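Engineer: First the structure, then my questions, so here it is.
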Amino acid sequence: MTFNNYQFKDYIHQALAAAKFERPTPVQEKLIPVVLSGRDLVGESKTGSGKTHTFLIPIFQMLDETADQVQAVITAPSRELATQIYQAARQIAGHSETDLRVVNYVGGTDKTRQMDKLQSNQPHIVIGTPGRI
């Protein structure tokens, strides 16, 4: 099985190809269809097994790029993990022809500036730590 077996949006396929992801990992092959079906789940897998893309790909697939509102909130227990998820999400979003807004809200950044920016520009996807979100 390859990622081409999935009916993902074109920009998702482009992002996967740019990242040189050809085949889903076992966790992705098993869980992406479950996430796309809208069911809740808890997955556990080793570091480096592809967990981040297991949930990011379905989020982007279900995203309404034309809606000017937050459609997904991803929380991570640390700034480092939130930043890793953010970078992976930005890589996918960067292949969309539509301006997909992904933001990272973590401690150690200017909270007031972030709040001011929210007044005029709603992100599509919010990633961050629970304290800052």
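The values are calculated or read from the model by the stated rules, or taken from the named source; none is laboratory data. The structure presented is a predicted model; accordingly, all values stated were derived computationally and were not measured. Here Cβ is always computed from backbone atoms with ideal geometry, including for glycine, and neighbour counts include all displayed protein chains.
Engineer: Condition check: within 14 Å of the chain's Cα centre (by Cα) and of a type in the set (S, T, N, Q). Does Thr47 satisfy that?
Structural biologist: no
Engineer: Return yes or no: is Ala89 out of contact with any helix residue (DSSP H, G or I) (no Cβ under 7 Å at 6 or more places or on another chain), of a type outside the set (Ser, Thr, Tyr) and closer than 22 Å to Gly48 by Cβ?
Structural biologist: Answer is no for this residue.
Engineer: In addition: Having 2 or more residues that are of a type in the set (Val, Ile, Thr) is the bar; report the helices (runs of 4 or more DSSP H) wholly within the stretch 1-97 that clear it.
Structural biologist: 26-36, 51-62, 79-93
Engineer: Taking the criterion of being of a type in the set (S, T, N, Q) and farther than 25 Å from Gly131 by Cα, would at least one residue in the stretch 48-59 satisfy it?
Structural biologist: Looking through the stretch 48-59, at least one residue is of a type in the set (S, T, N, Q) and farther than 25 Å from Gly131 by Cα.
Engineer: In the stretch 98-130, which residues are part of a strand (DSSP E or B) and not polar (S, T, N, Q)?
Structural biologist: Taking the stretch 98-130 and keeping what is part of a strand (DSSP E or B), we get 102-105, 125-128.
Listed by number, the residues that qualify are Val102, Val103, Tyr105, Ile125, Val126, Ile127, Gly128.
Engineer: Can you tell me how many residues in the stretch 102-131 are buried (at least 16 other Cβ atoms within 10 Å of the Cβ) and either within 23 Å of Ala15 (Cα to Cα) or modelled with pLDDT under 90 (or both)?
Structural biologist: Qualifying residue count for the region: 9.
Engineer: Now for a different question. Test Ile133 against the criterion of being part of a loop (DSSP other than H, G, I, E, B) and of a type in the set (A, V, I, L, M), and give yes or no.
Structural biologist: It is true that Ile133 is part of a loop (DSSP other than H, G, I, E, B) and of a type in the set (A, V, I, L, M).
Engineer: If you don't mind, another one. Name the pairs: first residue in the stretch 88-106 and farther than 15 Å from Ala76 by Cα, second residue among the charged types (D, E, K, R) and buried (at least 19 other Cβ atoms within 10 Å of the Cβ), Cβ to Cβ under 9 Å, at least 6 apart or on different chains?
Structural biologist: Partner pairs satisfying both residue conditions: none exist.
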